[in-house]
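Just so you know, all these numbers are worked out from the coordinates, no wet-lab data involved. Predicted, not measured: the structure shown is a model, and the values here were computed from it. Cβ placement follows ideal geometry from the backbone for every residue including glycine, while neighbour counts extend to all protein chains displayed.
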Amino acid sequence: MINPYNREKGVGRMAKTIVGAVLENDPASRNWFNVILNYPGVHAIFFYRINHFLWTKCHMKLIARFLSQVARFFTGIEIHPGATIGKRLFIDHGMGVVIGETAEVGNNVTIYQGVTLGGTGKDVGKRHPTIGNNVMIGSGAKVLGPINVGDNSKIGAGSVVVKDVPPFTTVTGVPGKVVAKNAPEKECPADSLDQKIDDPVGSEIDAL
């Protein structure tokens, strides 16, 4: 499912991919210089690529972990160097984002501030979620445990997701529940940047 960027070669190509995702997805981004200078999500992903290489290829796990904490200090974003992240991840604002060690993130994913891709309990092995391609995760959402979030899905702001999410669905609430089916032919959630999701429970209460 995932084609990690770390299989490609070249720092220039890596930077082009990271910055290009911001320029295409964020209307506030003006040019390359503005993105490189002012976007902590870009800084965090760039640090992650280096740390992931040290973690997986060089087996320098202590140094990789230390550098990930340095990146966290400067960006407010914590990405474990053992995580697997695909191409074109866009972290908008990003303060408080946490991506755990065994988390897997697909291509063209958008993550807003305060999102946690975390584990539960003291299980070993795979304990963090797997996020598919073209997924949008809204502000403050928590996706916990070794669950799967299907391609082209949307997770509403403030949701707590502890069960698998089917592809092409919208999930919201605590705990997260499927509230809509996303039409495959429409714009993918990761590109739309639309966090507005109707609350079905609130709608029923209003109707009563």
In nm, to one decimal, how far is the GLU101 label point from the LYS61 one, both placed 7 Å along Cα→Cβ? 0.6
Could you pull out the pairs from LYS57/LYS177; LYS122/LYS177; LYS61/LYS87; LYS57/LYS181; LYS87/LYS154 whose alpha carbons sit more than 30 Å apart here? LYS57/LYS177; LYS57/LYS181
For a protection proxy built on the mean count of beta-carbon atoms within 10 angstrom, sort 83-94, 58-69 highest first, please. 83-94, 58-69
